[in-house]
Amino acid sequence: MYRMLIVEDDRSIAETIREQAQMWDLDVRLTEDFRNVLTDYTEYQPHIILLDIGLPFYDGYYWCSELRRISRVPIIFISSASDNMNIVMAMNMGADDFIAKPFDGNVLIAKIQALLRRTYDFSSGALILEHRGAFLNTGDDTLVFEGKSISLSKNEYRILLCLMENKGKIVSREKLMERLWKTQQFVDENTLTVNVNRLRKKLDAAGLPNFITTRTGLGYLVEA
(Lines give C-alpha, C1' and ligand atoms only; values in the text may rest on other atoms or scores of the structure.)
Protein backbone atom coordinates (compact mmCIF):
# COMPACT_ATOMS: atom_id res chain seq x y z
CA MET A 1 0.00 0.00 0.00
CA TYR A 2 1.38 3.39 -1.00
CA ARG A 3 1.72 6.06 1.72
CA MET A 4 0.79 9.69 1.05
CA LEU A 5 1.63 12.67 3.27
CA ILE A 6 -0.70 15.67 2.96
CA VAL A 7 0.82 19.00 4.03
CA GLU A 8 -2.30 21.19 3.94
CA ASP A 9 -3.44 23.55 6.72
CA ASP A 10 -7.07 23.67 5.53
CA ARG A 11 -8.36 20.71 7.51
CA SER A 12 -11.54 20.27 5.47
CA ILE A 13 -9.59 20.02 2.22
CA ALA A 14 -7.06 17.64 3.76
CA GLU A 15 -9.79 15.39 5.18
CA THR A 16 -11.67 15.34 1.86
CA ILE A 17 -8.52 14.28 0.01
CA ARG A 18 -7.77 11.64 2.64
CA GLU A 19 -11.26 10.12 2.41
CA GLN A 20 -11.09 9.88 -1.36
CA ALA A 21 -7.51 8.54 -1.36
CA GLN A 22 -8.41 5.84 1.15
CA MET A 23 -11.14 4.64 -1.19
CA TRP A 24 -8.31 3.85 -3.63
CA ASP A 25 -6.30 1.95 -0.98
CA LEU A 26 -3.83 4.74 -0.27
CA ASP A 27 -2.56 5.08 3.29
CA VAL A 28 -2.70 8.77 4.25
CA ARG A 29 -1.18 10.90 6.99
CA LEU A 30 -2.02 14.57 7.62
CA THR A 31 0.64 16.94 8.90
CA GLU A 32 -0.31 18.38 12.28
CA ASP A 33 2.83 20.33 13.19
CA PHE A 34 3.73 22.69 10.36
CA ARG A 35 7.02 23.58 12.05
CA ASN A 36 8.33 20.03 11.60
CA VAL A 37 7.30 18.71 8.20
CA LEU A 38 10.63 16.88 7.82
CA THR A 39 9.93 14.95 11.02
CA ASP A 40 6.63 13.77 9.53
CA TYR A 41 8.48 12.75 6.39
CA THR A 42 11.20 10.74 8.11
CA GLU A 43 8.78 9.03 10.52
CA TYR A 44 6.16 8.16 7.91
CA GLN A 45 8.39 7.58 4.84
CA PRO A 46 5.64 8.51 2.33
CA HIS A 47 5.76 7.47 -1.30
CA ILE A 48 4.25 10.80 -2.38
CA ILE A 49 3.58 14.24 -0.84
CA LEU A 50 0.77 16.73 -1.49
CA LEU A 51 2.03 20.16 -0.52
CA ASP A 52 0.18 23.47 -0.24
CA ILE A 53 2.02 26.77 -0.83
CA GLY A 54 0.39 28.89 1.88
CA LEU A 55 1.27 27.22 5.18
CA PRO A 56 1.84 28.45 8.75
CA PHE A 57 5.42 29.30 9.76
CA TYR A 58 7.14 28.28 6.47
CA ASP A 59 5.59 28.17 3.02
CA GLY A 60 5.42 25.18 0.70
CA TYR A 61 8.39 26.39 -1.35
CA TYR A 62 10.58 26.22 1.75
CA TRP A 63 9.50 22.67 2.57
CA CYS A 64 9.86 21.55 -1.04
CA SER A 65 13.43 22.85 -1.03
CA GLU A 66 14.19 21.13 2.29
CA LEU A 67 12.73 17.84 1.09
CA ARG A 68 14.73 18.00 -2.12
CA ARG A 69 17.93 18.26 -0.10
CA ILE A 70 17.37 14.76 1.23
CA SER A 71 14.95 12.97 -1.09
CA ARG A 72 13.53 12.54 -4.57
CA VAL A 73 10.07 11.64 -3.26
CA PRO A 74 7.34 12.77 -5.71
CA ILE A 75 5.79 16.11 -4.69
CA ILE A 76 2.53 17.56 -6.02
CA PHE A 77 1.70 21.16 -5.16
CA ILE A 78 -1.99 21.90 -4.52
CA SER A 79 -2.74 25.61 -4.30
CA SER A 80 -5.19 28.35 -5.23
CA ALA A 81 -2.15 30.51 -6.10
CA SER A 82 -2.12 29.01 -9.58
CA ASP A 83 -0.76 31.86 -11.67
CA ASN A 84 2.09 31.05 -14.04
CA MET A 85 4.75 32.51 -11.74
CA ASN A 86 3.81 30.20 -8.85
CA ILE A 87 3.57 27.16 -11.12
CA VAL A 88 6.99 27.86 -12.64
CA MET A 89 8.50 28.49 -9.20
CA ALA A 90 7.05 25.23 -7.82
CA MET A 91 8.47 23.20 -10.69
CA ASN A 92 11.84 24.92 -10.40
CA MET A 93 11.93 24.07 -6.69
CA GLY A 94 11.64 20.39 -7.57
CA ALA A 95 7.91 19.66 -7.63
CA ASP A 96 6.64 16.97 -10.00
CA ASP A 97 3.21 18.46 -10.65
CA PHE A 98 0.95 21.40 -9.75
CA ILE A 99 -2.82 21.18 -9.31
CA ALA A 100 -4.89 24.34 -8.89
CA LYS A 101 -7.62 24.67 -6.26
CA PRO A 102 -10.49 24.07 -6.54
CA PHE A 103 -9.83 20.73 -8.20
CA ASP A 104 -11.83 17.67 -9.12
CA GLY A 105 -11.07 14.86 -6.67
CA ASN A 106 -11.09 12.21 -9.38
CA VAL A 107 -8.56 14.16 -11.43
CA LEU A 108 -6.33 14.56 -8.37
CA ILE A 109 -6.43 10.83 -7.60
CA ALA A 110 -5.72 9.99 -11.24
CA LYS A 111 -2.65 12.25 -11.22
CA ILE A 112 -1.46 10.76 -7.92
CA GLN A 113 -1.81 7.21 -9.23
CA ALA A 114 -0.06 8.06 -12.51
CA LEU A 115 2.87 9.65 -10.68
CA LEU A 116 3.15 6.69 -8.29
CA ARG A 117 3.23 4.26 -11.23
CA ARG A 118 5.89 6.24 -13.05
CA THR A 119 8.02 6.58 -9.95
CA TYR A 120 7.81 3.18 -8.28
CA ASP A 121 7.57 0.77 -11.18
CA PHE A 122 11.34 1.19 -11.39
CA SER A 123 12.14 2.18 -7.82
CA SER A 124 14.19 0.35 -5.20
CA GLY A 125 12.02 1.70 -2.38
CA ALA A 126 14.90 3.42 -0.59
CA LEU A 127 14.43 4.67 2.95
CA ILE A 128 15.81 7.74 4.69
CA LEU A 129 16.99 7.47 8.29
CA GLU A 130 17.18 10.61 10.45
CA HIS A 131 19.01 11.50 13.66
CA ARG A 132 19.73 14.96 15.06
CA GLY A 133 18.80 16.55 11.74
CA ALA A 134 21.17 14.34 9.73
CA PHE A 135 19.56 12.33 6.94
CA LEU A 136 21.02 9.06 5.66
CA ASN A 137 19.59 8.09 2.26
CA THR A 138 19.76 4.33 1.67
CA GLY A 139 19.03 4.83 -2.02
CA ASP A 140 22.21 6.70 -2.91
CA ASP A 141 24.28 6.12 0.27
CA THR A 142 24.47 9.85 1.07
CA LEU A 143 24.45 11.67 4.40
CA VAL A 144 23.04 15.21 4.45
CA PHE A 145 23.15 17.67 7.35
CA GLU A 146 21.99 21.30 7.18
CA GLY A 147 21.76 21.08 3.41
CA LYS A 148 25.36 19.85 2.97
CA SER A 149 26.38 16.38 1.82
CA ILE A 150 28.95 14.57 3.96
CA SER A 151 31.21 12.28 1.93
CA LEU A 152 31.38 8.74 3.34
CA SER A 153 33.47 5.76 2.33
CA LYS A 154 31.68 2.47 1.74
CA ASN A 155 32.67 1.16 5.17
CA GLU A 156 31.76 4.42 6.92
CA TYR A 157 28.33 4.32 5.29
CA ARG A 158 27.77 0.71 6.36
CA ILE A 159 28.79 1.47 9.95
CA LEU A 160 26.47 4.47 10.15
CA LEU A 161 23.61 2.59 8.48
CA CYS A 162 23.88 -0.27 10.97
CA LEU A 163 23.97 2.11 13.95
CA MET A 164 21.06 4.25 12.72
CA GLU A 165 18.97 1.16 11.93
CA ASN A 166 19.47 0.17 15.55
CA LYS A 167 19.12 3.66 17.06
CA GLY A 168 18.99 3.48 20.84
CA LYS A 169 20.54 0.00 20.90
CA ILE A 170 24.15 -1.01 21.43
CA VAL A 171 25.63 -2.68 18.35
CA SER A 172 28.50 -5.02 19.17
CA ARG A 173 31.84 -4.80 17.40
CA GLU A 174 31.28 -8.35 16.21
CA LYS A 175 27.99 -7.41 14.52
CA LEU A 176 29.60 -4.40 12.84
CA MET A 177 32.47 -6.52 11.58
CA GLU A 178 30.04 -9.06 10.16
CA ARG A 179 28.12 -6.22 8.48
CA LEU A 180 31.27 -4.76 6.95
CA TRP A 181 33.22 -7.84 5.98
CA LYS A 182 30.63 -10.66 6.20
CA THR A 183 32.99 -12.52 8.50
CA GLN A 184 34.84 -12.08 11.78
CA GLN A 185 37.80 -14.16 10.60
CA PHE A 186 41.09 -12.76 9.32
CA VAL A 187 40.06 -9.17 10.09
CA ASP A 188 42.12 -7.09 12.48
CA GLU A 189 39.78 -5.48 15.05
CA ASN A 190 41.87 -2.35 14.79
CA THR A 191 40.56 -1.92 11.23
CA LEU A 192 37.05 -1.39 12.61
CA THR A 193 38.36 1.10 15.18
CA VAL A 194 40.12 3.07 12.42
CA ASN A 195 36.92 3.21 10.34
CA VAL A 196 34.79 4.32 13.30
CA ASN A 197 37.31 7.02 14.24
CA ARG A 198 37.40 8.35 10.68
CA LEU A 199 33.61 8.45 10.59
CA ARG A 200 33.53 10.31 13.91
CA LYS A 201 35.97 12.92 12.65
CA LYS A 202 33.80 13.56 9.60
CA LEU A 203 30.70 13.88 11.76
CA ASP A 204 32.49 16.21 14.19
CA ALA A 205 33.72 18.40 11.32
CA ALA A 206 30.19 18.60 9.91
CA GLY A 207 28.80 19.88 13.23
CA LEU A 208 27.62 16.54 14.66
CA PRO A 209 29.84 15.92 17.70
CA ASN A 210 29.26 12.82 19.85
CA PHE A 211 26.96 11.37 17.19
CA ILE A 212 28.33 7.89 17.92
CA THR A 213 28.72 6.76 21.53
CA THR A 214 31.12 4.05 22.70
CA ARG A 215 30.06 1.54 25.33
CA THR A 216 33.34 0.08 26.52
CA GLY A 217 33.42 -3.67 26.19
CA LEU A 218 30.01 -3.73 24.52
CA GLY A 219 30.09 -1.77 21.25
CA TYR A 220 28.73 1.44 19.76
CA LEU A 221 25.39 3.16 19.51
CA VAL A 222 23.52 6.16 18.16
CA GLU A 223 21.49 7.26 21.17
CA ALA A 224 17.76 7.71 20.66
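The values are calculated or read from the model by the stated rules, or taken from the named source; none is laboratory data. Being a predicted model, the structure only gives us computed values, none of them experimental. Here Cβ is always computed from backbone atoms with ideal geometry, including for glycine, and neighbour counts include all displayed protein chains.
Residues are listed down the side, and each one gets a yes or a no for (1) polar (S, T, N, Q); (2) within 12 Å of the chain's Cα centre (by Cα):
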position	(1), (2)
Y41	no, yes
Q45	yes, yes
L51	no, no
D59	no, no
R68	no, yes
R72	no, yes
I76	no, no
Which residue pairs have Cβ atoms closer than 6 Å, lie 6 or more positions apart in sequence or on different chains, and pair a first residue in the range 66-79 that is within 23 Å of I17 (Cα to Cα) with a second residue that is part of a strand (DSSP E or B) and of a type in the set (F, W, Y)? F77/F98
Filter the range 106-121 down to the residues that are surrounded by 14 or more Cβ atoms within 10 Å (Cβ to Cβ) and farther than 14 Å from I75 by Cα and list them by number. none
Flag if N197 is exposed (fewer than 14 other Cβ atoms within 10 Å of the Cβ) and either of a type in the set (F, W, Y) or at pLDDT 90 or above (or both): yes
Please specify each residue of the range 181-194 satisfying the condition of being at pLDDT below 80 and among the hydrophobic types (A, V, I, L, M, F, W, C). W181, F186, V187
Looking at Y2, is it of a type in the set (F, W, Y) and within 23 Å of T142 (Cβ to Cβ)? no
Taking the range 91-107, which residues are touching a Cys at 6+ places or on another chain (Cβ under 9 Å) and modelled with pLDDT of 85 or more? G94, A95
Return yes or no: is E178 closer than 27 Å to L218 by Cβ, surrounded by 14 or more Cβ atoms within 10 Å (Cβ to Cβ) and at pLDDT 85 or above? no
Where the second residue is part of a strand (DSSP E or B) and among the β-branched types (V, I, T) and the first is at pLDDT 80 or above and lies in the range 137-150, which pairs have Cβ atoms under 6 Å and are six or more apart or on separate chains? N137/I128; L143/I150; S149/T142
Only unsatisfied item for P102, checking (1) under 24 Å from the mean Cα position of the chain (by Cα); (2) farther than 25 Å from K148 by Cα, is (1)
